[in-house]
């Protein structure tokens, strides 16, 4: 095997076809623009590869929370986090191109736009961004080819990573086993925790108890929420008792998803600022309102918001309810 043959470098390194050169109006920075966006798409491919494998694991009928599978999920999500950090940093490189440098070839790109990146749209859909939650729903698919639009619409009907996480959290093994709870039967633990949480609230926070009751103290489904009450109770319990060995991987998974959401948001906001700097208030090459559209999408396109909200309902470690000996044993290392 030869290095360049294995990596198919002949294809990759000859895939930069400058539009400005075709028109005999060579624009030096078009090469940077193409390489940056091609490398983004390569990293998107790797992210989809990792997230797809996590999706497969969580889609299984049952998951042993004490098995290597969960550690595999942790490792692969961590890889996605590290890749996303690189993607955010790459904007620094793109911003070495000035507004005038971009204008040398910008009009040659119309109506192409990064908004047509199918891989990024696939990633959003697989993670859990539903069509109804997207900003500018009609515009979102209007710039796509018919086959790409159909693919996104099909993806939107399939189980998302967020939905699979909801099912995984609902079947966490500790909450329905009354033998383990021994004195925390049924909802007793959560009623005790509710009182401790209420005591922890400052004068300006007392209204939080209403939100706590709505989110944790019933089993009624709520329109517009991705996580069920049962899943939220499991996630909050993981946050509270994450230092127990068997809860460390579940906590890492949720925390890594929050980090992915934060990095996606950082990438979007860097993109907003870069567009403002590059084209001001001009319309995007794909016909969007440019900065205005990107700003609203950045505000709206969070996926794992409900996990982030759990921080509102934590209390200090020293005030946590004491767990039963059987439950502590179940959460510890097996002997």
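Its convex hull of Cα atoms gives the chain a direction-averaged projected area, equal to a quarter of the hull surface, of 22.2 nm².
Result for the chain in a Gaussian network model with C-alpha springs under 10 Å: among 299, 48, 165, the largest mean-square fluctuation is at 299. Full extension of the chain between residue 192 and residue 71 gives 40.3 nm of extra length, using 0.36 nm per residue less the Cα-Cα distance. Please give the FRET efficiency for residue 82 paired with residue 60, using the beta carbon to beta carbon distance and R0 = 30 Å, rounded to the nearest 0.05. E(calc), rounded to 0.05, equals 0.70. Within segment 109-132, list the residues whose amide N lies under 18 Å from a label point set 7 Å along Cα→Cβ of residue 147. Once the point is set 7 Å along Cα→Cβ of residue 147, 116-122 turn out to lie under 18 Å by backbone N, inside segment 109-132. The distance between label points at residue 218 and residue 329 comes to 3.8 nm (points 7 Å beyond Cα on the Cα→Cβ vector). Applying 1/(1 + (r/R0)^6) with R0 = 56 Å to the Cβ-Cβ distance of residue 4 and residue 317 gives a FRET efficiency near 0.50. Length available on full extension from residue 167 to residue 23: 0.36 nm per residue minus the Cα-Cα distance, which gives 46.3 nm.
Bear in mind these aren't lab numbers, they're just calculated from the coordinates by the rules spelled out. Values in this document were obtained by computation on a predicted structure and should not be read as measured data. Heads up, the Cβs are rebuilt from the backbone with ideal geometry, glycines too, and the neighbour counts pull from every protein chain shown.
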